[in-house]
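Down below is the structure, laid out as structure tokens.
FYI, it's all coordinate maths here, none of it is from the lab. Note that this is a predicted model, so its numbers are computed, not measured. For neighbour counting, all protein chains shown are included, and Cβ atoms are generated from backbone atoms with ideal geometry for every residue, glycine included.
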Amino acid sequence: MIVAGRSGGEGVRLVLESEEAMLLSELADQVDSVLLLGEDDDPALGRLLPSAYIDDASASREFARYTRDSLVDGKRQAAQQVRDATAVEAVEDGVVQIELDQSEAWSWLTFLTDLRLILAERVGVIEEGDDTADETRDDYLRAAYEWAGFVQGSMLEVLDPTDS
Amino acid sequence: MTSTLEQHATNLRQESAAEVPWRTVVWDDPVNLMTYVSFVFRRYFGYSREKAERLMLQVHTEGRAVVATGNREAMERHVQAMHGYGLQATVSKVEP
């Protein structure tokens, strides 16, 4: 994966190995599915759509009633955008090149955040050292989590370079 | 007389609404990158780099930061936007 600036202006250019593109496309499809099909008691969905009031369940419900559909739509659109951009069938030289303008890049950044929130919930980033966890599955999810963080961090460095 | 009283009551309500503002609180989350949180504060609230980084560091070190205050409706819009960006945010009343 190479993350670079665009020669023609603002935004970011991504060069992905075809395996990386396939992985990202799959993960984006899974995020979309969690948003579409996730049960209300799915803790991952709770990370994506947290309560707006800490001590007021009724106000929280009211807030969710008015905002949930639009939040889910926005998150699904971002996931679908990443899924479609990376679902490339014919690959030249084994790499997939993707150019994103500023607004498309924001969709990617928010998608990568949602992806990491879901992976963190599934793998238990906060609860370390759970012996009963499926280690192979967790290794895969953890690797995807780290990788998504690397991609997001690299994109931010291009979009928002700091002097230091 | 009646109208005067009603007028008075209305003024009281407006005053108390102005005295009890609401706040948007962003909570620390071990998942989100610090650079991302700071970038979101700048993009969404239009804060300077310095202010955005100060708030981000406050979230990181103190566990939370008040990123905006104002009327309840505006704070709910902010919280909705923060949730859209994947940040953990809540609305709360400023304690008297």
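Values as computed for the structure displayed
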| quantity | calculated |
| --- | --- |
| A:E39, A:E104, A:E62 arranged by Cβ crowding within 10 Å, fewest neighbours leading | A:E39, A:E62, A:E104 |
| Ordering of A:11-18, A:113-120, B:71-78 by burial proxy (mean other Cβ atoms within 10 Å per residue, highest first) | A:113-120, A:11-18, B:71-78 |
| Whole-Hz couplings from phi, Karplus 6.51/-1.76/1.60, listed for the range A:59-69; x for Gly and Pro | 5, 4, 4, 4, 4, 4, 4, 8, 10, 4, 4 |
| Residue-averaged beta-carbon neighbours from other chains (10 angstrom radius) around A:67-78 | 2 |
| Shielding by partners, peptide A:101-109 (average Cβ within 10 angstrom, other chains) | 1 |
| Charge dipole magnitude, Cβ of K and R +1, D and E -1 - the protein assembly as shown, Cα centre, debye nearest 20 | 1340 debye |
| Cβ crowding within 10 Å averaged over residues, with B:48-57, A:143-152, B:79-88 ranked highest first | B:79-88, A:143-152, B:48-57 |
| Which of A:F150, B:L57, B:T24, positive extreme of dipole for the protein assembly as shown (C-beta unit charges) | B:T24 |
| Directionally averaged shadow of the range B:21-93, computed from the convex hull of its alpha-carbon atoms, nm² | 4.1 nm² |
| Interchain or long-range residues, amide H under 5 Å from B:L33's placed H | none |
